[in-house]
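Please read the structure below before turning to the comments.
The values are calculated or read from the model by the stated rules, or taken from the named source; none is laboratory data. Since the structure is predicted, the reported quantities are computational estimates derived from the model, not experimental observations. FYI the Cβ positions are ideal-geometry reconstructions off the backbone, even for glycines, and counts take in every protein chain you see. To get the accessible areas, we keep the full protein, side chains included, count just its heavy atoms, and leave off ligands, DNA and RNA. Shrake-Rupley method; radii C 1.70, N 1.55, O 1.52, S 1.80 Å.
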Amino acid sequence: MRFTDDHDDFRASVRHFVDTAVNPFADEWERQGAFPAHEVFAKAGEQGLLGIEYDPAYGGLGADHAFQMIACEEFGRMNSAGVSMALGVQSMMATPSLATHGTPEQKAEFLAPAIAGTAVAAIAVTEPDTGSDVARLRTRARRDGDDWVISGRKMFITNGAQADWICLLARTSDEGGYRGISQILVPTKTPGFSVSRTLDKLGNRSSDTAELVFDDVRVPVANTIGEAGRGFQQQMVQFVVERMFAAYAAVGQCDKALEQTRQFVAERSVFGGTLASKQYVAFRLTELQAQVDLLRSHNRETCEARMAGEDITRMASVAKLTAGRLAREVADTCLQFHGGMGYIEETWTSRFFRDARIGSIGGGADEVMLQVLARLDGLPA
């Protein structure tokens, strides 16, 4: 993949956004356990960062997927992974199905404000007792005339406490398993909706992650995205896009961590020389950078395949699995090479170590990625 001057200019503009609108405030937001999503998203929307691939008729840039990949890599360089995650939810997790299957009326009401950053969106799939087993979800939408009446709970919902609307996955018929599940747009001002609690997490602490309650929430059937009963299939496609966000962002995240650690070991004096002069340290950092370069190459091949209209399910699963494990390995090594200072909160390594851990859980755990890949390889997983 070869980038044009337009791609390079876009990367520079995204990095400027990260360096001016996010990083100077990251420490404060981490201490507060939340960031002002509407304020930050409005700034992102002004730069077109929330609808890069979407139709210009609704405020999108109409750009190719390579621009989205670049944005995600730069988001990974944020000093607060929680903000990066929140932006990823808005642009690559809560809105792809709406952009693909939504009606013009739905797009005008929900997608356009999300692209502009004047509305915060969330995706509500996971439930307290289902985890990655989406086919077992219990949240139910019962039809009553022209309305859905929704009851249930959703768990681990990023942007949940600040969201203006939610892309909800709910069971809309009595068919079991993946059948009879639909995606429904739910405004959070609807009576019966509430945030039960926000969750105190190990990492991504600036991102509000919530448990949501739907107590006879009534929304129009017209808020169904695409065809009723096809929500599971639509969500599986949306998951593929989500997994690429994780893989793209991990490259930026790991690049920055390794850059900072190389600088540290070059300046740190130990036993008569710099830490960088110790062969194990130099080789280990070089080895990890080589692995990041390989992930970057795989991501770019996946990006090209997506732009060519190919099925990238396998490639995205490989990328997600690799990214989650690699980020953990990089985080552990960077902390180790910073020694005692790496274990202290005032050093960036401790936050990175905590934040990186979610990469192997959220958006499909490592074990789910392995199951997907095993089945694609014809194994009875």
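Observations on the model:
- The stretch 76-166: relative contact order as a whole-number percent, Cα under 8 Å and 6+ apart: 30
- Put simply, the convex hull of the Cα atoms in the stretch 148-220 casts, on average, a shadow of 5.3 nm².
- Expressed as a fraction of 2.2 N^0.38 Å, the C-alpha radius of gyration for the stretch 1-137 is 1.09.
- Dipole magnitude for the stretch 63-175: computed about the Cα centre from +1 point charges on Lys and Arg Cβ and -1 point charges on Asp and Glu Cβ, it is near 280 debye.
- Rel. contact order, % - alpha carbon contacts under 8 angstrom, at least six apart, the chain: 16
- Carbon/sulfur fraction of accessible area - the chain, other protein chains in place, 1.4 Å, %: 51
- Here the Gaussian network model covers the chain, with springs between Cα atoms less than 10 Å apart; of Thr224, Thr274, Thr188, Thr274 fluctuates the most.
- Euclidean distance between Cα centres, the stretch 80-101 to the stretch 15-57, Å: 12
- Based on Cα atoms of the chain, Rg over Rh with Rh as the Kirkwood radius reads 0.98.
- In this structure the stretch 249-295 gives 54 Å² per residue of accessible area when probed at 1.4 Å with all protein chains present.
- Label reach from Lys189 (point 7 Å along Cα→C-beta): in the stretch 95-121, amide nitrogens under 20 Å belong to 105-121.
- Per residue, the solvent-accessible area of the stretch 117-220 (1.4 Å probe, heavy atoms of protein chains only, all protein chains present) comes to 41 Å².
- Estimated dipole of the chain in Debye, rounded to 20 [Cβ of Lys and Arg +1, of Asp and Glu -1, Cα centre]: 840
- Unit Cα scatterers, Debye sum, the stretch 251-294: log10 I(q)/I(0) for q = 0.16, 0.23, 0.28, 0.34 Å⁻¹: -0.41, -0.74, -0.96, -1.16
- Each residue of the stretch 339-355 is assigned a 3J(HN,Hα), and the resulting list reads x, x, 5, x, 8, 9, 4, 6, 9, 4, 4, 5, 5, 4, 4, 5, 5 Hz, derived from the Karplus form 6.51 cos²θ - 1.76 cosθ + 1.60 (θ = phi - 60°), x at Gly and Pro.
- Fraction in percent of alpha-carbon pairs per bin - 10 Å, the stretch 227-381: 11, 34, 29, 16, 8, 2, 0
- Rolling a 1.4 Å probe over the heavy atoms of the protein chains gives the stretch 331-380 an accessible area of 54 Å² per residue.
- Furthest towards positive pole of dipole, His101, Ala112, Thr198, structure part the stretch 76-206, Cβ charges: Thr198
- Pairs exceeding 32 Å between alpha-carbon atoms, taken from Lys201/Lys278; Lys107/Lys154; Lys107/Lys256; Lys189/Lys320; Lys43/Lys201: Lys201/Lys278; Lys107/Lys256; Lys189/Lys320.
- Kirkwood-type radius of the stretch 37-87, with distances r between different C-alpha atoms, in Å: 11.3
- Projected area, mean over directions - the stretch 106-206, Cα convex hull, nm²: 7.5
- Value of Rg to Rh for the stretch 131-177 (Rh from inverse mean 1/r over Cα pairs, i.e. Kirkwood): 0.99
- Taking each DSSP H run with n ≥ 4 as -39500 (n - 2.57) and averaging over every residue of the chain yields -15000 deg cm²/dmol at 222 nm.
- Rounded Å value of the spacing that divides the Cα centres of the stretch 165-229 and the stretch 136-151: 10
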